[in-house]
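The following block contains the structure, expressed as structure tokens.
Every number in this text was worked out from the coordinates using simple rules, so none of it is lab data. Predicted model only: the values in this text are computed from it and were never measured. No Cβ is skipped: glycine too gets one built from the backbone with ideal geometry, and neighbour counts run over all protein chains shown.
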Amino acid sequence: MINLLNLFFPKVCEACSRYLSDNEQVICSVCRHDLPVTNIHYTKSDAVKRVLFGRVKLEEATSLFYFSKGGLVQKLLHNLKYRGHEHIGQCLGEWLGEELKDSMSFQDIDVVVPVPLHPKKLRIRGYNQVDRFGRAIASALEIPFQRELLKKRFATKTQVFKNRIGRYDDSKTKFYITHTNEFSNHHILIVDDIITTGSTIENCSQVLQDIPGIKLSLATMAIAE
Ligand SMILES: [Zn+2]
């Protein structure tokens with residue numbers, strides 16, 4: 001049967017822009033098959049941990065996809081971040097959440113915590129692109145999603161310094177934590193969209209590690225190849 005709504009406003013795949021059939025949601029079945037999944041949580045590869053080696057101690061670390069320039073994953077993340085298509089985060093969170101639920105290594109996580117967006121960016125974008133992703137993972141693992149623990153603040157003038165190459169570097173003062181006492185001895189799963197140099201995760205971890213007895217793991221939508 002023809003879906004009349006689709007006839008007037010045809011839905012397209014968020015990765016390849018082909019029209020979706022009535023039984024396809026967000027990403028078409030061809031892309032679901034072709035997307036470069038890492039399977040790190042199954043193979044126990046240290047590809048994500050290696051990015052942060054010597055900087056952050058992570059119990060477990062995984063990414064759903066490999067990111068490459070001009071690829072399907074770049075298109076997905078672009079639509080998620082810059083075109084308001086927040087449901088992509090939900091879709092990827094459900095995808096990874098189901099896999100983590102089945103993997104042996106992510107069973108003792110207590111809480112999912114998203115990397116926060118700068119308040120100014122949040123105001124412009126209207127949503128944090130990793131919230132729905134994290135919420136879907138938390139729901140698959142049947143644990144809480146907590147966006148109040150880790151926060152990002154406005155950098156004040158005194159906190160921002162020019163670094164050697166003349167760029168403003170406020171990385172050391174960006175993140176802070178609240179409700180610290182409630183999270184002692186917790187195993188936190190940090191979630192983010194993409195891991196490249198790992199500096200964001202390093203900065204987040206530095207403040208989270210102030211919580212007594214904390215353990216940290218990481219899950220991202222993608223890892224840069
Ligand atoms: Zn597609």
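Take every DSSP beta bridge whose two residues both sit in the chain, then give the antiparallel share in percent to the nearest 5.
25
Taking only DSSP H segments of four or more residues, each worth -39500 (n - 2.57), what value at 222 nm results for the chain once the sum is divided by all its residues, to the nearest 500 deg cm²/dmol?
Computed ellipticity for the chain at 222 nm equals -9000 deg cm²/dmol.
When the dipole is taken about the Cα centre of the chain, and only Lys, Arg (+1) and Asp, Glu (-1) are charged at their Cβ, what size is it in debye, to the nearest 20?
Value, rounded to 20: 1340 debye.
What is the packing order of peptides 32-38, 13-19, taking the mean over residues of other C-beta atoms within 10 Å and listing the highest first?
13-19, 32-38
Can you tell me the order of 115-125, 195-205 when each peptide is scored by its average per-residue count of other Cβ atoms within 10 angstrom, highest first?
The packing order, highest mean first, is 195-205, 115-125.
Report, in listed order, any pair from K11/K44; K75/K121; K11/K49; K57/K121; K11/K57 with a Cα-Cα distance greater than 32 Å.
K11/K44; K11/K49; K11/K57
Still on this structure, please answer the following. Relative to the longest principal axis of the C-alpha atoms of the chain, give the angle of the C-alpha long axis of helix 131-141, reported between 0 and 90° and rounded to the nearest 10°.
Relative to the chain, helix 131-141 is tipped by roughly 90 degrees.
What residues qualify as long-range amide H neighbours of H186, i.e. H under 5 Å apart, gap of 5 or more or another chain, H built at 1.01 Å from N?
It is K215, by chain and number.
Determine, for each peptide in 103-109, 24-30, 58-64, the mean count of other beta carbons within 10 angstrom over its residues, then list the peptides with the highest first.
Result, highest mean Cβ count within 10 Å first: 58-64, 24-30, 103-109.
Taking square-rooted eigenvalues a ≥ b ≥ c of the alpha carbon gyration tensor, is the range 1-143 rounded, prolate or oblate, where a/c under 1.5 means rounded and, failing that, a/b exceeding b/c means prolate?
prolate
Two-decimal Rg/Rh of the range 13-83 from alpha-carbon positions, Kirkwood Rh?
1.07
Moving on. Which value in Å does the Kirkwood hydrodynamic radius of the range 36-224 take, with 1/r averaged over all unlike C-alpha pairs and then inverted?
The answer is 16.9 Å.
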